[in-house]
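This report concerns only the one structure given below.
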Amino acid sequence: MKRDHSAIDLNNEFYDPLELTLMPPVQHPKSPPIHMNKEEEEKYYEQKIQDFFKHLIRTNSCQENSSGHRKSVVKRPKTAKNPAKERPRPSVDDDGNVKKKKAKKTHVRLPGIISNETTDRLKAFITEEMNGSDLKLVIQKILYVTDLDKHQNRLSMPLKQLKPVEFLTPDEKRLLDEDREFEVALWGPTLRMHTEPMRLKKWNLKTTSNYVLRTNWNRFVDENREDLAVNTRVQVWSFRRDEKLCFALACVGRAD
């Protein structure tokens, strides 16, 4: 049912047709005092009209504030019962690059240096019968499949496993550091010199460097196949004969 706006009594209430809101009662201007002249009467009505509109503005402002207060309720987001744990942030260096985790070093416990009848006989043979000098133990190692593989044709001596005593002269070391190689003589487990000379070279890999005896290593293995087998523990000794570098290989046992 539509409201008849013309039927509203302005003495009791005021109806705003734009907002469709029933406004509270407003005191409308009364008749001016009789003693006023025309100019005073105009000022009187002008003041009353201003008061009337001020009253309307205050009323609308109060209603807007009340409505805005009801709408300003903000729902808090629901929190998860079991929030996921935050992953640790990767550490970065001064340049903003992500640091890589360092791999844990594994320490391999090497067996003690073996000294037995074989090594005693080798030392006596070099120093007494061959008049060799500057005898030094270069490495004690286990022969692996790669050391006896014909496609490899070399004996590897990792620098990390070498004994601390230096067995090369400065000139020999310089040649190897320049990726060159030189000829050496090699005696086998039977205390007999191999007829064909070996060549000593340095191989630089990503994580380590090795000295290798190569060129005629396969023939040396064939001549001593009864003694050289996988898992045989050997010692490589260096010595000088007429100032020339020589090597001797002795089999001192089997790996556990």
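Worth a mention:
- Only one entry of V221, V234, V212 meets the criterion of being more than 20 Å from L175 (Cα to Cα), assigned to a strand (DSSP E or B) and in contact (Cβ under 8 Å) with a residue 12 or more places away in the chain, and that entry is V234.
- The residue of the stretch 197-229 that is modelled with the lowest pLDDT, among those that are surrounded by fewer than 17 Cβ atoms within 10 Å (Cβ to Cβ) and of a type in the set (K, R), is K206.
- Scanning the stretch 183-196 for residues that are buried (at least 18 other Cβ atoms within 10 Å of the Cβ) and among the aliphatic types (A, V, I, L, M) yields a single hit, L186.
- Restricting V212, V184 to residues that are out of contact with any Pro (no Cβ under 6 Å at 6 or more places or on another chain) and closer than 18 Å to R241 by Cα narrows the list to V184.
- Single residue of the stretch 187-209 satisfying the filter (in contact with a Phe, Trp or Tyr (Cβ under 6 Å, 6 or more places away or on another chain) and part of a loop (DSSP other than H, G, I, E, B)) that is nearest to A124 (Cα to Cα): L191
- Test: residue in the stretch 196-208 that is in contact with a strand residue (DSSP E or B) (Cβ under 7 Å, 6 or more places away or on another chain), aliphatic (A, V, I, L, M) and in contact (Cβ under 8 Å) with a residue 40 or more places away in the chain: yes
- Scanning the stretch 35-75 for residues that are over 60 Å from the mean Cα position of the chain (by Cα) and among the hydrophobic types (A, V, I, L, M, F, W, C), we see that the one that is modelled with the lowest pLDDT is C62.
- Yes/no for L228 being touching a strand residue (DSSP E or B) at 6+ places or on another chain (Cβ under 8 Å) and assigned to a loop (DSSP other than H, G, I, E, B): yes
- When V184, V165, V138 are screened for being within 20 Å of E223 (Cβ to Cβ), of a type in the set (A, V, I, L, M, F, W, C) and not in a helix (DSSP H, G or I), only V184 passes.
- For beta carbons closer than 6 Å, sequence separation of 6+ or different chains, a first residue in the stretch 119-131 that is under 16 Å from E243 (Cβ atoms) and a second that is surrounded by 15 or more Cβ atoms within 10 Å (Cβ to Cβ), the qualifying pairs are I126/G132; I126/L135; I126/F239.
- Subset tally (residues that are over 24 Å from D179 (Cβ atoms) and more than 45 Å from the chain's Cα centre (by Cα)) for the stretch 211-239: 8
The values are calculated or read from the model by the stated rules, or taken from the named source; none is laboratory data. Nothing here was measured: the structure is a model prediction, and the numbers come from that model. So basically every Cβ, Gly included, is an ideal-geometry build from the backbone, and we count neighbours across all protein chains shown.
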